[in-house]
Structure formats: C-alpha cells, structure tokens
1. May I ask you to list the residues in the stretch 70-126 that are polar (S, T, N, Q) and more than 21 Å from residue 30 (Cα to Cα)?
2. Kindly indicate whether any position in the stretch 193-201 is closer than 28 Å to residue 382 by Cβ and not basic (Lys, Arg).
3. Take the stretch 299-314 and flag every residue that is surrounded by fewer than 20 Cβ atoms within 10 Å (Cβ to Cβ) and touching a Gly at 6+ places or on another chain (Cβ under 8 Å).
4. Looking at the stretch 267-293, I want the residues that are more than 20 Å from residue 397 (Cβ to Cβ) and have a partner that is of a type in the set (D, E, K, R) with Cβ atoms under 8 Å, at least 6 apart or on another chain. Which pairs are those?
5. Please enumerate the residues belonging to the stretch 63-83 that are open to solvent by 30 Å² or more (accessible area, probe 1.4 Å), hydrophobic (A, V, I, L, M, F, W, C) and modelled with pLDDT of 95 or more.
6. Hey, could you check the stretch 47-62 for residues that are assigned to a loop (DSSP other than H, G, I, E, B) and farther than 16 Å from residue 105 by Cα and say which is modelled with the highest pLDDT?
Amino acid sequence: MAGKRSSQEGGPRSARMDLRGVARKAMVERSLEPDFSDAALAELERLDEAASRGATSGLTDLRTPLWVSIDNDDSLDLDQLSVAEALPNGGARIFVAVADVDALVKKGSAIDAHAKANTTSVYTAAQIFPMLPDKLSTDLTSLREGADRAAIVIETRVGPDGALADSSVYRAVVRNHAKLAYNGVAAWLDGTAPAPERVRAVAGVDEQLRLQDRIAQTLRKRRFEHGALSLETLEARAVFEDGSLTDLVPEARNRAKDLIEDFMIAANSVTARFLEQRGVPSLRRVLRSPERWAKIVDLAESLGAKLPPEPSNAALQAFLDKRHEADPDRFVDLSVSVVKLLGRGEYALELPRRRPVGHFALALRDYSHSTAPNRRFPDLITQRLLKAALSNTKAPYSNPELERLAARCTEQEDNATKVERAAPGPEVRRGAALVVAHRRALRRVRHGRVGQGHVGAHRRARGGGTAGARLPRARCRRPRAGRALEDRFRARVRGLREGLNE
C-alpha cells in the first residue's frame, strides 16, 4: 500500500499511510460529508438525556420482558432489540423494538440535515463516518444494556409454518437486558462453545435465545420455500491496533446473524403493510424483476441447468441450491455473478392501493427499511411516518418530498458503497480475498483435495481472473507436498499483511 512521501520527491515511504485521510478524501469526492456542521454540534451540546418525560409518558411499559440485542462485538449503535414468546398451538409471537431516534432528532434540525445529506453511516477500514453523532447513535438513541429507552415495537404472530399474522405496531418503553455478539451466540447455539457470559448471567436469556432461534429457522424455511434467494458474498473486516492495520478477518454468515436477519425482514414487512393499511404513502426498499434475466439464464446453462425464459425467483433459488450442494467452493463466485446480474436494490415511493414493486431477492411484496434508524436515513423517514400514523396526524413528508428522498437515499447508498470499497484501497480487498482463498486451500490440503477446488477469489485478489478460474493442479500424493503448499499459502498471507502496514 502506498504511504506518505518525504519532502524529497521519490523519497522513502513512511511506515504507515494516512488511511483516514484517504477515507475522508473519498467521502468528499462522492458528495458525502465527513464532518458534522457547527450548527449540528451546537444542537448536540444541548442534548443531555435520552428522552424527556413527555416523550415517554403514556407509552406501553415493556421493560420487563427479556429483550436482548445481538450485533457485532464492538457495536454500540444498537438499533433494535428482540424478544419472543411461545404460543400453545406451536406458533409464537415475536417482538422487535426499534430505537425511537425521532424523539431526539427532529425533522428539519441541523443534525437531521446531516443525516439527510449522507443518508447512511459509512464504514471504511480506517474510520467510521456515522450518520448521527456518536453521542446520539452510541448513547442517547442507542438501545444500550440496562437503559430505559423509547422505542417503536413491531409485534407479529408467527404460525407453526412460519406465516405472519395478527401484526401490530405501537410505541413503548423498553430495556435491553443483555448486549450480545453474533459470534459468541452463534458458537453457543451451534454447540461449539459455552454460553456467552451475559447469557449465563441473566436468568432465562438462554431459553429466550433458543426460542428465537427456532422461530427464525421457521421464518427462513418459509421464505425460501416462497422463492427467496440464498446468496453468499465475500466480506472481510479490517482489524486495527493503535491505528495500524494488523489483520483481515473474513466475515462469514452464522446462526445468530441469520436469526437477526429473519426477525428484521419480518419486522420490515410488517411496517410496510401497516402503513399501506393506514393509507399512508411509504418509502419501500425494492429490487425489481431483473432486466438481465437472459444473462442469468445463460449463466445457468453454462453450468448445465435450465431456467425459464421469464424471471422466476423460485426457479433461480432451486438452481442455487443445486449448485451449492454440487460445488460449495465455487458458490461465492456464482453468488457474486448472480448479484451483479440481479441489479441493485433501491428506494421507491409507494402509494396506497397501488401494486407494489416488491423485492425480487426476498420474494416479498411488501418491504421497507425501518429497523436501523441510527444508521440509515430511510429507516428514520419510515419511523416518522409510523409515528404520524399511530397518532393520526398529518404525514411529515409530502409525496413529492418522499419521491426526492427515495432518489437521494439510493444515490448516497451507492456513493457510500463506493467509498467503502475505495478506502483505504484495493490492498484491503485483495487481502480479504487472499485470506479466504488461503483458508479454503488449507481445508483442501487437510482433506486431500488439492487441485480439485475453485479459488476464483484468490485469482481476483491478485488482479486477474474471473469467476470460474482454477488454480494450477497440484497433486497431493504425499503429506510432505501438502505441508509445502500449506506453508506457501501461509507465507503469502503473512507477506500481504505485513505489506499492508508499510
């Protein structure tokens, strides 16, 4: 990675590149604001409590149920909590509490203007650029453990078959009883690690999590039966120590992430239908029927499968299931190809009594973004629409305004993605891909399958190759050959990681 130059042209590189400077430059180039305005900071100074008594009076008191948060290990901007209860007929009732950010961030305020300008938090390897100031997103509007917080609660009954029914939305005061992390919860649910400390410390949380896990699997099963797509893409988290990039950790799906995803998809579906039933225009998250379906058909045909001539998420999912079973090592590359051909998601104004666009990949007719108002502006917009509907007051946004905001949120989401990919640079992406390829190769060595698997990610990481490329065949006839290959991959990854800090 290129570093700072000395005052003499062509002089030695410094020990570390100013990664934050690169990230800030990328933000500005993509019309994103890296800093809060003086007016926003002045507003922030006047905020010193989570919510006034007026903001919480008259709300349903739901502080007693065993609400928990599950997020990344280091996350402090906690947007949602979940809890569930079993029902006698084999079904269950799930509750998702979403932080009432609007209670402190009012429409038209200077803080709101910054959120409206960026529309999302931007996560680069060097620095996080939050949509809202940390004092809010990680404290006053965060559903922190042990704190009483105003929230929007989305409640729905889940049948034994995973079908949603009898949903409602209302305001309440909630309390997070246990702040948990994805990896620890997932390892415990899988039986590969003991229960996390907070699970052991709070009576009943273990049973609550197992119940939520069972419900989530039912929700997921039904969604896939109805044509939702299961796609895997390559992600990696950069690990820093004292400002220096020290490691690249592949981010894999796990059972706890699936649990939260399933609950949030259910909640986002409920909020979209709630607004429609109230006759309120909404901001929907949509993924249109793919215009490049013919290319997806060609891709499937190149792998010996046949898809119908017209878009069908159910047929595409059946194809993906077969490919994952037949060749799991290539599935990430196939997923990336399909994701590109599906096109990007976008935000769109949805008017009541109009046929909705829907979300092709989720196989859902009604879908909004409502569960992350600390991190995404569309969720804050939806929250304001929900609160207006609940109080039977005029919607805070006109239809033309919502239409403009939908376009703005789509554009800035795209810009934020480009910043996250550009900062600190391609070396992190190459490193992430190489780490994953390295781990796959070691697995093949240990199982005696050297030369049989696909590592297209490794080829792309080194600047060439496409999905479907293979490594040169290397027959592992003796344990010694396997050890040599393993050592070679370890050396490559070690060298890359050292180079990232030069």
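The values are calculated or read from the model by the stated rules, or taken from the named source; none is laboratory data. All of these numbers come straight from a predicted model, not from anything done at the bench. Backbone-built Cβ (ideal geometry, glycine too); neighbour counts: all protein chains shown. Heads up: the accessible areas ignore ligands, DNA and RNA and are worked out on the full protein's heavy atoms, side chains in. Shrake-Rupley method; radii C 1.70, N 1.55, O 1.52, S 1.80 Å.
1. 72, 75, 80, 82, 89, 109
2. Checking the stretch 193-201: not a single residue is closer than 28 Å to residue 382 by Cβ and not basic (Lys, Arg).
3. 312, 314
4. If the second residue must be of a type in the set (D, E, K, R), the pairs left are 269/366; 287/344; 287/346; 288/346; 293/310.
5. 66
6. Top of the filtered list is 59.
This table checks each residue for (1) closer than 17 Å to residue 184 by Cα; (2) assigned to a strand (DSSP E or B).
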| residue | (1), (2) |
| --- | --- |
| 70 | yes, yes |
| 77 | no, no |
| 90 | no, no |
| 95 | no, yes |
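Here is a yes/no grid of residues against (1) in contact with a helix residue (DSSP H, G or I) (Cβ under 8 Å, 6 or more places away or on another chain); (2) of a type in the set (Ser, Thr, Tyr):
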site: 66; (1), (2): yes, no
site: 92; (1), (2): yes, no
site: 104; (1), (2): yes, no
site: 108; (1), (2): no, no
site: 111; (1), (2): yes, no
site: 123; (1), (2): yes, yes
site: 143; (1), (2): no, no
